[in-house]
Amino acid sequence: VPEIGCLSIIVLGASGDLAKKKTFPALFHLYCQGFLPPNEVHIFGYARTKISDDELRNRIRGYLVSERSASPSKDVSKFLQLIKYVSGSYDAAEGFQTLDMEISKHETSKNSLEGSSRRLFYLALPPSVYPSVCRMIRRYCMNKSNLGGWTRIVVEKPFGRDLGSAEELSSQIGELFDEPQIYRIDHYLGKELVQNLLVLRFANRFFLPLWNRDNIDNVQIVFREDFGTEGRGGYFDEYGIIRDIIQNHLLQVLCLVAMEKPVSLKPEHIRDEKVKVLQSVLPIKDEEVVLGQYEGYRDDPTVPDHSNTPTFATVILRIHNERWEGVPFILKAGKALNSRKAEIRVQFKDVPGDIFKCKKQGRNEFVIRLQPSEAMYMKLMVKQPGLEMSTVQSELDLSYRQRYQGVTIPEAYERLILDTIRGDQQHFVRRDELKAAWEIFTPLLHRIDNGEMNPIPYQAGSRGPAEADELLEKAGYVQTHGY
Ligand code: BG6
């Protein structure tokens, strides 16, 4: 049942990069599709900078229209009119009291007190200010309507730097808000093909008997970007590729690939299964890690001259359970590589008793390409068409652009913000999940931070360090044609 009453969306950190590039455009697309009706919704931007409503609107305007939205400029102007700006600090009462007053004004004018009031706080901020901001929201800005409604907060990664700091952050926030009020965003969970994993795995008889150690040789989950840290060197250097991509985005994907069938589609049932996967991961071995740093990374003025932060990493995770014992899950991520791509590659074992002697031509592989150009395809052996009885590797290909022409695939942030409004936590990271994810990577991260493991230099625009390909081969991955 759709909730009635007014909805206030408050973007904290409104003048920052994330808000401009992701949050506001996502809100705009939701608005254009009718999910944010102007008679119910108001959007507030909050940040330290002292600017006017119009200045904020002008800063955002240029980011709203993308190739994905052909919305006319009148939609842009109408949307921008929904946004009001409040300036204030992140740890003092005054700004938050003003913010509360503005929200309440809007609620009284829109609601005529006929419905509940909903307040969604989106923290597009660095985690160092989460505790103070949450305290301020709790103290001054909670929904006060006695007709129901809610207050929810959305937080972005990085949730801490390691197990200790993440747990501390979680307890600080946990003292102020209950778990159902906290939405920890990992935007990979909003991607179309990541969301498709559950359907693929559990709605297809094809996969059910094959998805295990008896048939699957190895699984690769890969993220590549063909650009460096450009302008984000300061942030990136503090975190590195493992905290930026692997510990969250790739690990979340791994959970969906590896988990058992949940009891139902209820968010808690799905998240219970994900936690079990994380808790079954064995400690990472040093010899199953390759770190890299692209040449030129330290030329960025915001990066220290002697930084040993990895911009590339390949890490093998091993899941100690009945389904996956012995199957390496190879997580690989890198900046400044030769292409931009994110994909899952499930490689099957060789056919026993091969009568075609076609082993060298490659193995069966099921590839799910998350981006760009969403697709999934199966590499399989077929008879080479013609008079000879020879084999060739070919593909069964489901390319979304061709198959679903005219269907717009929503942006991850758009979908996730809509979920927060609807109160669906399925695609958000639960506190125990976060803890288990940090438990896996913290020992390795500490070794890197202490300078006990150093990245190997690689050329920008390359595949990354050759050692990573060697590790892949050692793990059993067989290179197939065209990869
Ligand atoms: C972010 C990382 O979480 O994800 C960035 O901080 C990275 O470093 C980005 O570039 C990649 O997201 P996407 O959706 O473009 O794959």
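What follows draws every value from the coordinates through simple rules; no lab data is involved. Remember, it's a predicted structure, so these values are computed and weren't measured experimentally. Using ideal geometry, Cβ is built from the backbone for each residue, glycine included, and neighbour counts are taken over all protein chains shown.
Here are the numbers for this structure:
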quantity: Sequence-separation-based contact order of the chain, relative, with Cα cut under 8 Å and 6+ spacing, percent; calculated: 17 percent
quantity: Nearest-0.05 FRET efficiency for residue 391 and residue 214, computed from C-beta distance (R0 22 Å); calculated: 0.40
quantity: Total formal charge among the other residues, if their Cβ is under 13 angstrom from that of residue 81, Lys/Arg +1 and Asp/Glu -1; calculated: +2
quantity: Set of lysines with alpha-carbon distance to residue 191 below 21 Å, sequence-local pairs under 8 removed; calculated: 20, 21, 22, 157, 261, 266, 274, 332, 335, 341
quantity: Neighbour-limited loop hits for chymotrypsin sites (Phe, Trp or Tyr not before Pro), segment 222-286 (at most 15 other Cβ within 10 Å; DSSP other than H, G, I, E, B); calculated: 227
quantity: Surrounding net charge for residue 208, when Lys and Arg each add one and Asp and Glu each subtract one, Cβ distance under 11 Å; calculated: +3
quantity: Signed unit charges on C-beta, dipole axis of segment 286-441, positive-most listed residue 405, 438, 293; calculated: 405
quantity: Residue-averaged 222 nm ellipticity for the chain, from DSSP H runs of 4+ at -39500 (n - 2.57), nearest 500; calculated: -10000 deg cm²/dmol
quantity: Rounded to 5, percent antiparallel among DSSP beta bridges of the chain; calculated: 50 percent
quantity: Low-density loop cleavage sites - GluC sites (Glu not before Pro) in segment 421-480, where at most 12 other Cβ are within 10 Å (DSSP); calculated: 452
quantity: Cβ-derived FRET efficiency at R0 30 Å, residue 409 paired with residue 479, nearest 0.05; calculated: 0.50
quantity: Separation of the residue 175 and residue 361 label points, Cα + 7 Å toward Cβ, nm; calculated: 6.6 nm
quantity: Unit charges on C-beta of K, R, D, E only; dipole of segment 107-233, Debye; calculated: 440 debye
quantity: Loop trypsin sites (Lys or Arg not before Pro), segment 152-246, which have at most 12 other Cβ atoms in a 10 Å radius of their Cβ (DSSP); calculated: 205
quantity: The chain, dipole about Cα centre (Lys/Arg Cβ +1, Asp/Glu Cβ -1), debye to the nearest 20; calculated: 1180 debye
quantity: Two-decimal ratio, the chain, of alpha-carbon radius of gyration to 2.2 N^0.38 Å; calculated: 1.04
quantity: Point-to-point label distance, residue 168-residue 101, nm (Cα→Cβ direction, 7 Å offset); calculated: 3.6 nm
quantity: Distance in nm between pseudo-label sites at residue 320 and residue 140 (7 Å out along the Cβ direction from Cα); calculated: 5.0 nm
quantity: Dipole magnitude of segment 207-253, debye to nearest 20 (Cβ charges: Lys/Arg +1, Asp/Glu -1, about Cα centre); calculated: 160 debye
quantity: Net charge contributed by nearby residues that have their C-beta within less than 13 Å of residue 367 (K/R +1, D/E -1); calculated: 0
